[in-house]
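Throughout, read-outs are computed from the coordinates displayed, never taken from laboratory work. Just so it is clear, the model here is predicted, and its values are computed rather than measured. Every residue, glycine among them, receives a Cβ derived from its backbone with ideal geometry; neighbour counts consider all protein chains shown.
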Amino acid sequence: MQIKNKIAILISWPRELDMFQVLIENISDDLVIVIDDLIYTESERSGNVKNIVELMDRELEYILLSKVLGKLKYNILFSTAQTFQERFTFRSYLKYYYAVSIGSFLQFFGLSNLFLKIINRPLTGGGKNAKKFEIHQIEREIGIKVIRYPKGLDVSFKRYPVDRWKQEFDMHLCHSDIDYNLIKNKFPLADCIKIGYPKYDSIILPEEAKQEIYSEFVNLDKSKPIIVWMPAHIKNRSERGLNLELWLPVINRLTKKYNVIVRPHPKTRMVSHYHIDSLIESNLIVDLNFNREMGILYQAADLILADYGGSVLDSIYMKKRTVLLNMSHKSNFYKWRKQGEYLDQYVRNDIVSIDYNDAVDLSEVVDEVLCDEGALTPSKLKNKYFEKSENYKNIIDILNNIKSEMF
């Protein structure tokens, strides 16, 4: 096995180039990008390799993961843990058939909720959504010092972190006390360091960000405030795009008073062309740029419309006024997130969230949020979920300390 005296960043999705930008800009000659080209059953990953390569800075050294596995290792490897092998084994097939039979039975009759309360596990094995394969992390196979890089605070208090990370990573970088404590509670000996959101630090001023957005989207009316809608991706095939279908007609009416930019999730864009076409045919400005610097888009916004997932906490970190758009409480997506005790469910206690109905006047809600200081201003809200900035370590300092130990 050849050892490369370099720092590698494993890229699994195009948007990770933005996440890792701070590191990429500060590593220079010691850096190599490893692009995940493994084969997955997940349709959302279709076209990932092509999109990543097209977005790559041509001056950066990169290599496909298939050329690395089993051949060489890098001294330091950063990964978001989103790369893995799907291994089909006798055990994985047994678990699958248990899940779709007994597990589905437990789900259908609500017994999974009872087990969840009693033993903290639903015992469904994934139920009807179970996979026939086992997930195998590959970071140890290509890195000596392996560091997990956080991809957002879309975390479940029931499920985060996943068990397979325990022996895979030497260090976990965290956004805040929230993910830090969840990891420490499950992996007490883990080396964890809080770094905040490096991609959102040292960002340009709001007016400069607005000018960049105006220059890109020339149809924006500079006299109107900018609203950015960040709908989550719903992986469940039967409900995919349901949040878009539900809220698009309501949000479309906002364009009379506001500039509305919708940023569909990149995964939704890959697998749900019908819903993307519906957005394009609306009055909204549709942002389909895979290479988007998300900090600029957030900074340009006067208000964020979100629903679930990482964008909710991103908005808080960026100190943006935010309105959350709820899914039906009868939807499987809503039930899944509630059972998993996802963080954005708790955030709804501090941020205005609204249920859909035909008569809802979203414009009134937006006006009130834009004008109301409330008990928790954006700055106070950020302090609640992210504490004070002096608690965080600079990612470049961490990198330099690791380099001094390794090289």
- Fraction of alpha-carbon pairs over 24 Å apart in the stretch 130-284 - percent: 56
- So which of Lys210/Lys319; Lys184/Lys338; Lys235/Lys382; Lys320/Lys393; Lys151/Lys184; Lys199/Lys393 end up more than 20 Å apart by C-alpha? Lys184/Lys338; Lys235/Lys382; Lys320/Lys393
- Roughly speaking, what is the stretch gain from Lys158 to Asp177, that is 0.36 nm per residue apart minus the C-alpha to C-alpha distance, in nm to one decimal? 5.2 nm
- Query: Among the aspartates and glutamates, which fall within straight-line cross-link reach of Lys128, defined as a Cα-Cα distance under 15 Å, with same-chain neighbours fewer than 8 residues apart omitted?
  - Reply: Glu239
- Message: On a straight-distance basis, which aspartates and glutamates could pair with Lys222 in a cross-link, Cα separation under 15 angstrom, same-chain partners fewer than 8 positions away excluded?
- Response: Glu207, Glu208, Glu212, Asp302
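For n ≥ 4 DSSP H runs only, could you compute -39500 (n - 2.57) per run for the chain, divide by its residues and tell me the 222 nm figure to the nearest 500?
Here the helix-only value at 222 nm equals -10000 deg cm²/dmol.
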- Task: Give a quick list of GluC sites (Glu not before Pro) in the stretch 47-101 that DSSP marks as loop, anything other than H, G, I, E or B, with at most 14 other Cβ atoms within 10 Å.
- Result: Glu59, Glu61
- Query: Can you give the translational diffusion coefficient of the chain in µm²/s, computed by Stokes-Einstein from the Kirkwood radius over Cα pairs at 4 °C and 1.567 mPa s?
  - Reply: 57
- Message: Using a 10 Å cut-off around each Cβ, can you sort His172, His136, His233, His329 from fewest to most neighbouring Cβ atoms?
- Response: His329, His136, His233, His172
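Please give the net charge around Val271, taking every other residue with its beta carbon less than 12 angstrom from that of Val271, where Lys and Arg add +1 and Asp and Glu add -1.
Details: positive: Arg45, Lys235, Arg237, Arg240, Lys267, Arg269; negative: Glu42, Glu44.
Net of charged neighbours comes to +4.
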- Query: Given the Cα atoms of the stretch 212-316, and with Rh set as the inverse mean 1/r over their pairs in the Kirkwood sense, what is Rg to Rh to two decimals?
  - Reply: 0.93
- Would you mind ranking Cys192, Cys371 so that the residue whose beta carbon has the fewest other beta carbons within 10 Å leads the list? Cys371, Cys192
- Task: Run the quick spin-label model on Lys224 and Glu341: label points 7 Å from Cα toward the beta carbon, then report their separation in nm to one decimal.
- Result: 4.3
- Along Cα→Cβ, 7 Å out, is where each label goes; now give me the distance between the ones at Asn252 and Glu216 in nm to one decimal. 2.5
- Note on the structure: Proxy exposure order for Arg58, Arg237 (fewest C-beta within 10 Å first) is Arg58, Arg237
